[in-house]
Amino acid sequence: MTLLEEPCCPYCSAKLKFEDHVPRHRKIEGGVKEWFSIERRSCPAGCGLLRVLADFLFPHKHYDADIITGVLDKKVTPARKEFEDYPCEKTMERWKSWIALNLIYINAYLKSVGVRLFAMGIALAYSMANLVEELKKRKQFDWLRTIIRAVYNTGGSLEPYCDPSG
């Protein structure tokens with residue numbers, strides 16, 4: 001993969017230094033795996049080592065971003081024949097639980113980014129607006145990619161979902 005611009009550290013904004021590549025795969029239609037080399041870069045200020053993910057990958061997820069978004073938007077379901085061999089119903093439920101678990105945090109994070117980076121006014125931080133639902137309504141945005149980039153590219157992260165039943 002080729003980067004269009006040099007990535008910056010989400011913590012201190014320093015230009016990241018190339019370290020190496022690591023293998024990563026994604027599952028696409030039909031359950032097929034595609035393998036990639038993902039760049040790892042480090043912050044010269046000592047903030048840590050970061051992986052530079054493509055837009056079609058989400059952190060800690062192996063399925064293509066479009067499949068995950070399709071499940072959350074109810075476009076990919078176990079009942080649809082073209083998706084019957086992937087992902088399994090339990091995985092789909094985990095993704096829904098993952099978003100539900102992080103929904104309050106995501107909204108707070110989006111408001112913070114809006115206030116800090118886009119000067120949208122402090123009133124946004126105190127508003128009851130559900131920015132996730134607002135992004136979903138705006139069809140020109142890929143709502144989940146927008147959320148993932150806003151959170152991870154500014155130094156945040158989402159809680160992984162741990163199934164309490166094992």
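Okay, here's what the table says:
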{"read-out": "The one condition in (1) within 15 Å of the chain's Cα centre (by Cα); (2) among the acidic types (Asp, Glu); (3) over 29 Å from Ser42 (Cβ atoms) that Asp163 fails to fulfil", "value": "(1)"}
{"read-out": "Filter result (assigned to a helix (DSSP H, G or I), touching a helix residue (DSSP H, G or I) at 6+ places or on another chain (Cβ under 7 Å) and not charged (D, E, K, R)) within segment 84-111", "value": "Met92, Trp95, Ile99, Leu103, Ile106, Asn107, Tyr109, Leu110"}
{"read-out": "In segment 109-126, the residues that are loosely packed, with under 13 Cβ neighbours inside 10 Å and at negative phi", "value": "Arg116, Leu117, Phe118, Ile122, Ala123, Tyr126"}
{"read-out": "Of all residues in segment 44-65 being of a type outside the set (D, E, K, R) and closer than 14 Å to Asn153 by Cβ, the one that is surrounded by the most Cβ atoms within 10 Å (Cβ to Cβ)", "value": "Phe58"}
{"read-out": "Residue ID - modelled with the lowest pLDDT, chosen from residues in segment 1-43 that are acidic (Asp, Glu) and loosely packed, with under 12 Cβ neighbours inside 10 Å", "value": "Glu5"}
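The values are calculated or read from the model by the stated rules, or taken from the named source; none is laboratory data. Quick caveat: nothing in here was measured; it's all calculated off a predicted structure. Every residue, glycine as well, gets a Cβ built from its backbone with ideal geometry; the counts of neighbours run over all protein chains shown.
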